[in-house]
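We did not get these values from a lab; they are worked out from the coordinates using the rules stated. As the structure is a computational prediction, the values presented were derived from the model and not from experiment. Using ideal geometry, Cβ is built from the backbone for each residue, glycine included, and neighbour counts are taken over all protein chains shown.
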Amino acid sequence: MTTNESIQYDCFRGCVVTHEEGTGETRCTYRAGCCKLGDYNWLKDANDGTYRNIFEVRFKNTRKGFYINDSSQNVRLGDLVVVEATTGQDLGIVTLEGPIVGRQMRSRGLDPETAQFRKIYRKARQSDIEKWQEAIAREQDTMIKARRIAAEMGLEMKIGDVEFQGDGSKAIFYYIADGRVDFRQLIKVFAEEFRIRIEMKQIGARQEAGLIGGLGICGRELCCANYISSFQSISTAAARCQDLSLNPQKLAGQCGKLKCCLNYEVATYLDAQSHIPKVSGPLEFEDGLAWLRKTDILREVMYFSYDKTSDANLYPLDAAEVWDILEMNRNGEKPESLRTEPEPNIPEFVTAVGDDSISRFDAPKRKRSRGGKGRSKSGQGAKEARPAQNGAKEARPAQNGDKPAQAAGEQRNGNGNGHGRGRGGRNRGRGGNGNGNGNGGQKPQANKSNE
């Protein structure tokens, strides 16, 4: 069965757009997996009747807001709705309903009792969806033209994204600039060029990365596109306290700024460092001075060496023991030796799959036989061809029909007692005054004796 329809995944708005060629109808269905800054409704089975008329409505990328259904329409999760805008109407997708809406408003600093909400007019009709899709189709060309106009006017700014309103009467231009930009003349040029209302909205490099989205070096979705809505300041002090290398290429994210994840474990490292003593000089022992070479912060283990400039022989000490040794040195006492200190019991990390090799599931390779074609038919040629311990085997006496031996040192089983070379085994015994042995059961080639 064939269907005459085309499917388009709009990950900017979190929906799937289906166009039926026969009827010309356009359908849009909500797809939660594509939404940026998506929220999981973990209270969907605990509907207590609160906030039944307030819904979270999502638009393009990370823009979303809370709207009230004061006309008591049958609005549910995933519906496309026409909502009130500053000028005209906008179209979005309902992404949250029920008690979770109140918690989301409080997390953003909104009081559900006193906040002013815009209205949900109705569910989107087919004509609303078609007009919405026509406006979306204009966004890419509008952004390219806007970038060209801004460059021609010599403005130091970058147009990062363009979002059209649902009715196509207004567009939001997201731009990035290091300083203040006088774009009053630019707005007039945009209005004449695109014949729409213009709204300029400045964003930072982190917000731009959240709008575009992508994957980090950890393999997961960018945090700014996944859940971070408010960005905190990040400095290199966060990297220093975690003993990270101050390499800009490794510490910078896709936005070109320091990674947001540098702040995730700062509190843990600061707490662990409070249990580690500050060692400014060497520890004094009876057999010499021990210098601090490195510190494992999370394990609270410090490594010392008798050589100030070498890490060859390191002796681990627990942080609690270092506190005791420092106290003894202040009192004029010296421990016997660092070499006699017992190693601290350090918990080792063990993975769920163990330390097995990744090639453990590969089929074992078959070993190639070295004996080859020269093996005896009875299968015992290799054992019979093994030379005697006390000397070479005696040559088999010639029988009727046999050819005489060509050399005094030639033997049938590859054992040469003359100047020849016995072949047919793994080891080759070269002629001379010694014995040439070949262990493999292969008939040796005739060798000519040296005259």
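As an exercise, identify the trypsin sites (Lys or Arg not before Pro) in the stretch 127-173 lying in DSSP coil whose Cβ has no more than 10 other Cβ atoms within 10 Å.
none
Quote the relative contact order of the stretch 5-124 in percent (integer), defining contacts as alpha-carbon pairs under 8 Å separated by 6+ residues.
24 percent
For each of THR23, THR295, count neighbouring Cβ atoms within 10 Å of the residue's Cβ, then give the residues from fewest to most.
THR23, THR295
Sort 94-103, 188-197 by the packing proxy (mean of other Cβ within 10 Å over each peptide's residues), most packed first.
Packing proxy ranking, top to bottom: 94-103, 188-197.
Where the centre of each part is set by its Cα atoms, how far does the stretch 48-85 sit from the stretch 225-288, in angstrom?
If you average the Cα positions of each part, the centres end up 42 Å apart.
Using a 10 Å cut-off around each Cβ, can you sort ARG299, ARG63, ARG125 from fewest to most neighbouring Cβ atoms?
ARG125, ARG299, ARG63
Count the DSSP beta bridges whose two residues both fall in the stretch 68-217, then state the antiparallel fraction as a percent rounded to the nearest 5.
If I count the DSSP bridges inside the stretch 68-217, around 65 percent turn out antiparallel.
Mind sorting TRP323, TRP291, TRP42, TRP132 by how few other Cβ atoms lie within 10 Å of their own Cβ, fewest first?
Neighbour counts put them in this order, fewest first: TRP42, TRP323, TRP291, TRP132.
Greater than 23 Å separation of Cα atoms is the criterion. Which listed pairs, LYS44/LYS131; LYS145/LYS170; LYS64/LYS188, meet it?
Over 23 Å apart, Cα to Cα: LYS44/LYS131; LYS64/LYS188.
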